[in-house]
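Below: one structure, written as structure tokens.
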């Protein structure tokens with residue numbers, strides 16, 4: 001290769017350099033030994049003179065930007081890769097589009113040799129978009145396919161439980177992302193039970209492991225495993241190649257078919273994968289996923305305190321309303337003179353019974369008169385069959401009327417008994433039987449408020465089985 005480069009370059013600079021690549025002549029006196037630096041400088045001269053300004057198209061990978069502003073990346077195709085550097089110096093081109101792994105770009109620059117490592121690279125002065133890139137093209141194709149099937153639709157997304165009890169995490173057990181998640185969960189929700197499904201999260205076969213783990217969780221939850229409320233599929237940041245397993249179609253369909261709500265948190269906030277799009281919730285980072293899944297214990301305690309205060313206030317209001325109602329009942333005539341009310345209802349019942357009895361007798365008398373008149377008419381015309389029919393109807397009518405009167409009397413009697421029972425329940429004796437007590441002063445005045453009591457006042461507490469006398473201290 002070095003011989004080809006120098007042979008292709010017939011420049012004065014090359015001619016002036018020692019011919020390192022010429023066929024060696026027989027050693028006449030002393031063999032020339034070159035240093036590594038001499039060889040590297042010679043190669044650098046050949047490369048820089050042969051390729052002073054070229055365009056190269058390829059896919060960006062391993063992109064990184066230093067704090068100095070210098071950008072380093074690799075251009076690659078199916079067969080080879082080329083290291084590139086773009087220096088941030090006054091007068092140098094500033095990138096017009098943000099570079100990222102997976103982009104297909106066209107870069108303009110010159111080839112040179114980085115002598116410290118003895119490798120050739122391209123110093124880039126201009127970059128323009130050259131295509132979507134192989135990985136990006138695959139990503140977009142799968143994205144369009146799954147979107148057409150409705151896997152990304154909002155109505156397909158399930159809502160996460162507000163207070164999950166068990167969380168399953170599918171991730172690498174050695175990744176820093178898992179430690180960040182566990183630290184946040186232990187702070188926000190120490191009561192949350194966590195089940196870890198260890199898998200590989202990059203490299204060939206990682207997607208198959210994640211699919212198997214998610215299927216096992218769905219199959220065993222509630223049987224071999226506790227009931228799992230949420231599944232978190234996650235890993236830390238990386239290049240497009242590192243995250244590519246999360247763009248697997250089988251993994252996407254397994255997430256969509258999961259019976260358990262699934263959260264995807266892959267890479268950094270700017271990273272998007274197919275798993276993010278099909279999951280029920282996409283978190284920008286693993287740490288953010290932990291905060292979205294687990295409620296804040298401190299906030300829960302504050303809410304509980306608020307609810308407790310509200311319930312205490314409502315209880316006090318209910319107690320005050322009940323006390324006012326009890327006071328009103330105790331002052332009513334029904335409470336003071338229940339026997340009088342019972343006698344009044346009994347008198348009304350007697351009056352009703354008398355009225356019904358008189359009305360029934362009048363009705364029966366009227367019917368008898370009508371029957372007699374009808375009998376007289378029948379006897380005059382001797383309609384034996386009609387007479388028998390009328391007699392049967394009359395008897396039936398009398399029976400129905402008697403039954404109706406008896407039902408009404410029974411209903412009135414039962415109502416009177418219910419009213420009497422209600423009066424009995426509202427009486428002071430029934431109240432005392434239910435465990436209440438009445439506090440009265442020595443003069444028999446009923447106490448309705450603590451403000452009516454003074455020190456050394458003599459009180460009588462009336463209970464269901466007697467009276468207790470006491471003195472206020």
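The values are calculated or read from the model by the stated rules, or taken from the named source; none is laboratory data. Predicted model, so just to flag it, every value in this text is computed and none were measured. Cβ placement follows ideal geometry from the backbone for every residue including glycine, while neighbour counts extend to all protein chains displayed.
Can you name the condition, by its number, that residue 175 falls short on among (1) surrounded by fewer than 13 Cβ atoms within 10 Å (Cβ to Cβ); (2) more than 30 Å from residue 42 (Cβ to Cβ)?
Only one criterion is unmet by residue 175, namely (1).
Which one of the conditions (1) surrounded by 11 or more Cβ atoms within 10 Å (Cβ to Cβ); (2) closer than 17 Å to residue 326 by Cα does residue 435 fail to meet, given that it meets all the rest?
Of everything listed in (1) surrounded by 11 or more Cβ atoms within 10 Å (Cβ to Cβ); (2) closer than 17 Å to residue 326 by Cα, residue 435 misses just condition (1).
Kindly indicate whether any position in the range 313-327 is over 30 Å from residue 434 (Cβ atoms), modelled with pLDDT of 75 or more and in a helix (DSSP H, G or I).
Within the range 313-327, none of the residues are over 30 Å from residue 434 (Cβ atoms), modelled with pLDDT of 75 or more and in a helix (DSSP H, G or I).
Condition first: closer than 30 Å to residue 295 by Cα and out of contact with any helix residue (DSSP H, G or I) (no Cβ under 8 Å at 6 or more places or on another chain). Now tell me which residues in the range 144-162 satisfy that.
Hits for the range 144-162 are 153, 154, 155, 157, 158, 159, 161, 162.
Which one of these is surrounded by fewer than 11 Cβ atoms within 10 Å (Cβ to Cβ) and under 30 Å from residue 344 (Cα atoms): 456, 465, 372?
Answer to the selection: 465.
So if I check each of 357, 396, which one is out of contact with any helix residue (DSSP H, G or I) (no Cβ under 6 Å at 6 or more places or on another chain) and modelled with pLDDT of 85 or more?
Exactly one of 357, 396 is out of contact with any helix residue (DSSP H, G or I) (no Cβ under 6 Å at 6 or more places or on another chain) and modelled with pLDDT of 85 or more, namely 396.
Being outside any loop (DSSP other than H, G, I, E, B) and under 18 Å from residue 327 (Cα atoms) is the filter; apply it to the range 438-459 and report the residue that is farthest from the chain's Cα centre (by Cα).
Selected residue: 441.
Among the residues of the range 293-304, write down those that are within 19 Å of residue 165 (Cβ to Cβ), at pLDDT 75 or above and surrounded by fewer than 17 Cβ atoms within 10 Å (Cβ to Cβ).
Correct list: 296, 303, 304.
Of the residues 283, 252, which is buried (at least 17 other Cβ atoms within 10 Å of the Cβ) and under 25 Å from residue 165 (Cβ atoms)?
Testing whether each residue is buried (at least 17 other Cβ atoms within 10 Å of the Cβ) and under 25 Å from residue 165 (Cβ atoms) leaves just 283.
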